[in-house]
Each structure stands twice: as structure tokens, then as C-alpha cells.
Amino acid sequence: MKKIAIAAAIAACTVPGMQARAQTAVQIYGIVDAAVEHYTNADAAGHSRTWMPSLGGGMFPSRLGFKGSEYLGGGLKAIFTLENGIQLDTGANGQNRLFGRQAWVGLAGDWGQVTLGRNYNMIYNSMPEFDLSGPSQYGLGSLDPAIPNGRTDNSIAYKGSFKGVTVGATYSLGRDVSNAGGPAGTNCAGENAADAQACREWSAMLRYDGAAWGAVGAYDRKRGGAGAAAGLTASTLSDSRAHGGVYARFGAWKVSGGAVVRDNEGAPAAPRSNLYYLSAAYKLTPALTVDGQLARLDYRNSGNDSKQALLRAMFDFSKRTTVYVAGGRIDNGGSAAVTITAGGSVGAGLAQNALLAGIKHGF
């Protein structure tokens, strides 16, 4: 009888349903990142400001996430991610919602993955490894806040990687249901029976990542809708970005560069702009990395341009814990009022210098 019971148990474990339950996994993960910052010319009178940046940390936005998968058999998995942004200085939710960073469910296999919900668009997915500053203070997000906030509500996304080549695409039926303003909410819910094109968005990406170099091309196009922010108040208006970039590794060095070309019909005075960036990182020791970036936001036929510089040093106590210091400068031309720090302020046409120090822990 014992032999029969053991045989039955082994047979039960080979049943697909039993295998699926045995290979279900859920992970809790996150980043907690906080910094203290000082920057100049916080207003037209030239006052300086010292604070803890509220929109995420100094190097990576803080977050708490849940992700999981279940093996369904035949190489197919069910997958999901729920990720909440956190403003660590006050403990408030980020992106004006509970799971504002990501909220999706889908299927994955050797052919890639398809997910439905609130997904990253392909401009966002095209940036890692190319924009070495990442979503940090003094990074490209200062010049174009949409870059580190490239998420779309009500979207279907596909991404697949094949021997170093990654392809991806998204399509949104209504790109942003939040009306809180700013890059975290642009009040364009879409899914409107009276206007099928309102608030639609689509993006696509093709990238190659090799051992020594990589290249990427990506495109994103947003349509407007009644009451939407940033001047996109009709579905006949659109805001488009195209990103191209390259990177190379040699020895302890990594260098990268690229451009984001934008055509924003919601800004008729200066709809076209080019954002150029050049980055470099050098690993002084296995634990200490120094990196820097130069960037320029150039509006065509306008003197309201901005130039930015970043220098940063990061020391890894472990794979999870990093301390860092960073310095940055931004020069605003004409009446430009681009602040160097996310959530900060600046007097029109003024330059800013900034310095911050902080700590990041991942789990």
C-alpha cells in the first residue's frame, strides 16, 4: 500500500495543474532612496533652497512592487506587476494613484510577453543603458519630464528579446486618466464613444544590446482630448517623440549618446525641439563609479533653450545599498524656466547650481 501511495503522489505531481501550482512565484521588491539637496535661483529674486526632493529620491524614484508568475504548461506563463511610487520625504503615494508606476497582467513565453493595463511606453524602455543618468535628479527628466514618466493607462504592450535584439510596441485606448497635472497626470482619459481618437497613444521600439555596444530607435505619439493638459486639447493635436541612441563599453569605461526629437502640436509657439545628450561612466574600483552627462534642449527658431551638466559619484556598500553625491548645473536662455531638480522651481532665464547627497537601498 505504501508503494501505491508513493506512486500516486509522484503521478499527481506530473499533472499539469499540479506543476503550475508548484511553479507559482510572487515577489515583493522595492527601492527606498532619499537625499538632501541645495540649489540656487529657486525664484526670480535669486533665493536658494535646501530640501529633500519630494518627487522620488536623488538617484532612483522610491517604489514598492509586487510581481509574480505562474507556469501554465507548454512554455507559457501568466505574469503580473503592481508597482507603487513613494515620495519618501513624506510617505505619500507617487503618480497620484495607488499603483502609479506599473499595473498590468499578461502572458509570456519564448515569443515574448503581452501585457494589459498601465504599461511603460517604448520611449521609456529605450532609455536604460543609453541615458546613463537614468531617472535621477539632474538627468534628462529635468529637460523633458515625460522621459522618466513614460507610462500609459488602458494599454496593451508587447516586448520580446531574441539573441540581443529587442522589439516592443504599445497601444493605449486612453493614455492618462489622472487630472493632477504635470507628467504624472495629463487628464486625457479617452475611451470616448463620441471621439474614438481622443487620448490614443502608440509607441514602438527596436534595440540591440551586445557585449561591447548597443543601439536603439524608438517612437511615441500621443493624441489630445477635451480638457487635456499641455495644450493637447483636441484629438486632432498630437505630441510625438523619436529617440535614437548608441552606447559602447571598453575596459572600465562606458560611453553613450543620443537625441530625442519632438514635435508637440500642443505648443504652437515652439512645437519642434531636439534634446541631445552625451554620457560617460568610469568604474574606479569595483565599488566606486563616477559618471557624468551633458545635455542640451534646443527649440527650433527660439532662444528659449536650456543646457545641463551632471557629475555624480556612487559608492556601493553592497549589491543593495549605495551612497552617492551629485552636482548639477542648468543654463536657461531667453525666458526658459527649466528647473534642474524634479519638483523644484527656478526664475525665468536664470541659471542654477545644485548639490545633493543621499542613500539608496533596494530589496
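If you check Val165, Val177, which single one turns out to be surrounded by fewer than 19 Cβ atoms within 10 Å (Cβ to Cβ), among the β-branched types (Val, Ile, Thr) and touching a Phe, Trp or Tyr at 6+ places or on another chain (Cβ under 8 Å)?
Val165
Looking at segment 125-137, is at least one residue buried (at least 19 other Cβ atoms within 10 Å of the Cβ), in contact with a His (Cβ under 6 Å, 6 or more places away or on another chain), assigned to a loop (DSSP other than H, G, I, E, B) and not aromatic (Phe, Trp, Tyr)?
yes
Tell me which residues, restricted to segment 180-216, are touching a residue at least 40 places away in the same chain (Cβ under 8 Å), in a loop (DSSP other than H, G, I, E, B) and either over 20 Å from the mean Cα position of the chain (by Cα) or over 21 Å from Glu265 (Cβ atoms) (or both).
Ala180, Ala184, Gly210 - these are the residues of segment 180-216 that are touching a residue at least 40 places away in the same chain (Cβ under 8 Å), in a loop (DSSP other than H, G, I, E, B) and either over 20 Å from the mean Cα position of the chain (by Cα) or over 21 Å from Glu265 (Cβ atoms) (or both).
Could we say that Arg49 is touching a residue at least 40 places away in the same chain (Cβ under 8 Å) and not polar (S, T, N, Q) here?
Taking the combined requirement at face value, the residue satisfies it.
With (1) in contact (Cβ under 8 Å) with a residue 40 or more places away in the chain; (2) out of contact with any His (no Cβ under 9 Å at 6 or more places or on another chain); (3) crowded, with 21+ Cβ neighbours inside 10 Å; (4) not in a strand (DSSP E or B) as the list, and Ser155 as the residue in question, which single condition is left unmet?
(4)
Among the candidates Val114, Val105, single out the residue that is surrounded by fewer than 16 Cβ atoms within 10 Å (Cβ to Cβ) and either β-branched (Val, Ile, Thr) or touching a residue at least 60 places away in the same chain (Cβ under 8 Å) (or both).
Working: Val114 fails: surrounded by fewer than 16 Cβ atoms within 10 Å (Cβ to Cβ).
Result: Val105 is the single residue among Val114, Val105 that is surrounded by fewer than 16 Cβ atoms within 10 Å (Cβ to Cβ) and either β-branched (Val, Ile, Thr) or touching a residue at least 60 places away in the same chain (Cβ under 8 Å) (or both).
When the residues of segment 273-285 are filtered to those that are crowded, with 16+ Cβ neighbours inside 10 Å and free of Cβ contacts under 8 Å to residues at least 40 places away in the same chain, which remaining residue is farthest from Asn125 (Cα to Cα)?
So, considering only residues that are crowded, with 16+ Cβ neighbours inside 10 Å and free of Cβ contacts under 8 Å to residues at least 40 places away in the same chain, the one farthest from Asn125 (Cα to Cα) is Ser273.
Report yes if some residue within segment 334-352 is assigned to a strand (DSSP E or B), touching a strand residue (DSSP E or B) at 6+ places or on another chain (Cβ under 7 Å) and either modelled with pLDDT under 95 or not charged (D, E, K, R) (or both); otherwise report no.
Scanning segment 334-352, I find at least one residue that is assigned to a strand (DSSP E or B), touching a strand residue (DSSP E or B) at 6+ places or on another chain (Cβ under 7 Å) and either modelled with pLDDT under 95 or not charged (D, E, K, R) (or both), so the answer is yes.
Conditions first: (1) out of contact with any Asp or Glu (no Cβ under 8 Å at 6 or more places or on another chain); (2) in contact (Cβ under 8 Å) with a residue 24 or more places away in the chain; (3) in a loop (DSSP other than H, G, I, E, B). Ser235 passes all but one, so which condition is the exception?
(1)
Can you pull out the residues in segment 52-78 that are free of Cβ contacts under 8 Å to residues at least 40 places away in the same chain and either surrounded by 15 or more Cβ atoms within 10 Å (Cβ to Cβ) or under 22 Å from Ala184 (Cβ atoms) (or both)?
Passing the criteria: Met52, Ser62, Arg63, Leu64, Gly65, Lys77, Ala78.
Quick one: Glu201 ticks every box in (1) of a type in the set (Asp, Glu); (2) under 20 Å from Leu140 (Cα atoms); (3) buried (at least 16 other Cβ atoms within 10 Å of the Cβ) except a single one, so which number is it?
(2)
Do you know which residues across segment 42-86 are hydroxyl-bearing (Ser, Thr, Tyr) and either at pLDDT 95 or above or in a strand (DSSP E or B) (or both)? Steps first, answer last, please.
Going residue by residue through segment 42-86, those that are hydroxyl-bearing (Ser, Thr, Tyr) are 48, 50, 54, 62, 69, 71, 81.
Answer for segment 42-86, where residues must be hydroxyl-bearing (Ser, Thr, Tyr) and either at pLDDT 95 or above or in a strand (DSSP E or B) (or both): Ser48, Thr50, Ser62, Ser69, Tyr71, Thr81.
Which of the residues that make up segment 155-205 are among the polar types (S, T, N, Q) and either on the phi > 0 side of the Ramachandran plot or modelled with pLDDT of 95 or more (or both)?
At the first step, the residues of segment 155-205 found to be among the polar types (S, T, N, Q) are 155, 161, 166, 170, 172, 178-179, 186-187, 192, 197, 203.
Selection gives Ser155, Ser161, Thr166, Thr170, Ser172, Asn187, Gln197, Ser203.
Are any of the residues in segment 79-95 surrounded by 16 or more Cβ atoms within 10 Å (Cβ to Cβ) and hydroxyl-bearing (Ser, Thr, Tyr)?
yes
I'd like to verify a number: residues in segment 159-179 that are of a type in the set (S, T, N, Q), in a strand (DSSP E or B) and more than 16 Å from Leu116 (Cβ to Cβ), how many?
The qualifying residues number 2.
The values are calculated or read from the model by the stated rules, or taken from the named source; none is laboratory data. None of these values were measured; they are calculated from a predicted model. Using ideal geometry, Cβ is built from the backbone for each residue, glycine included, and neighbour counts are taken over all protein chains shown.
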